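Undergrad: Let me give you the structure first, and then I'll get to my questions.
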Amino acid sequence: MKKKTKIVFLPNEELCPEGKVIEAEPGISVLDAALQNGIEIEHACEKSCACTTCHVIVRKGFDSLEESDELEDDLLDKAWGLTPESRLSCQAQVGSEDLEVEIPKYTINQVSERH
């Protein structure tokens, strides 16, 4: 039986105010793991790597993820609150190392709608 990977989602005011610890199968995207566990990360492009609404920051375990491709990197340049540990959660596949994930307070959609 494959060992599941633990993902710690840090508290996010709207999506998981208390934070949440889940287990995920290696190979699933961080986004799908979150959605399966009731954490409704926005994904406006339906997981096709065409927007940045599912942007997350991987605080621990970042190096265990497969590297991002050029398309993801180009999109990430447009993400609100970009950091060196930023990934699109629809593209970041869970590996065998436990992760700690922060869901930014805003997405590009929320930022643009609030001005």
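Undergrad: Go through the residues of region 18-31 one by one and say whether even a single one is of a type in the set (Val, Ile, Thr), modelled with pLDDT of 95 or more and open to solvent by less than 10 Å² (accessible area, probe 1.4 Å).
TA: Going through region 18-31, the residues of a type in the set (Val, Ile, Thr) turn out to be 21-22, 28, 30.
From what is left, the residues that are modelled with pLDDT of 95 or more are 21-22, 28, 30.
Cutting the leftovers down to open to solvent by less than 10 Å² (accessible area, probe 1.4 Å) gives us 22, 30.
Scanning region 18-31 turns up at least one residue that is of a type in the set (Val, Ile, Thr), modelled with pLDDT of 95 or more and open to solvent by less than 10 Å² (accessible area, probe 1.4 Å).
Undergrad: Just to be sure I understand, how many residues within region 41-80 are in contact with a helix residue (DSSP H, G or I) (Cβ under 8 Å, 6 or more places away or on another chain) and part of a loop (DSSP other than H, G, I, E, B)?
TA: So the count comes out to 15.
Undergrad: Okay, moving on. Could you figure out which of (1) open to solvent by less than 30 Å² (accessible area, probe 1.4 Å); (2) in contact with an Asp or Glu (Cβ under 8 Å, 6 or more places away or on another chain); (3) farther than 12 Å from residue 89 by Cα isn't true of residue 11?
TA: Every condition holds for residue 11 apart from (1).
Undergrad: Residue 83 - would you say it is touching a strand residue (DSSP E or B) at 6+ places or on another chain (Cβ under 7 Å), assigned to a loop (DSSP other than H, G, I, E, B) and in contact (Cβ under 8 Å) with a residue 12 or more places away in the chain?
TA: Taking the combined requirement at face value, the residue satisfies it.
Undergrad: Which pairs turn up if I take residues in region 91-111 that are assigned to a loop (DSSP other than H, G, I, E, B) and look for partners that are of a type in the set (Lys, Arg) and modelled with pLDDT of 95 or more with beta carbon separation below 8 Å, at least 6 apart in sequence or on another chain?
TA: 98/6; 98/60
Undergrad: Out of region 37-80, which residues are open to solvent by less than 70 Å² (accessible area, probe 1.4 Å), without any contact (Cβ under 8 Å) to a residue 60 or more places away in the chain, in contact with a Ser or Thr (Cβ under 9 Å, 6 or more places away or on another chain) and not hydroxyl-bearing (Ser, Thr, Tyr)?
TA: 43, 45, 51, 54, 55, 56, 57, 58, 61, 75, 76, 79
The values are calculated or read from the model by the stated rules, or taken from the named source; none is laboratory data. It should be emphasised that the depicted structure is a prediction, and the values quoted were computed from it without experimental measurement. Counting neighbours? That spans all protein chains shown, and the Cβs are built from the backbone with ideal geometry, glycine included. Just the protein is used for accessible areas: all its heavy atoms, side chains included, with ligands, DNA and RNA removed. Shrake-Rupley method; radii C 1.70, N 1.55, O 1.52, S 1.80 Å.
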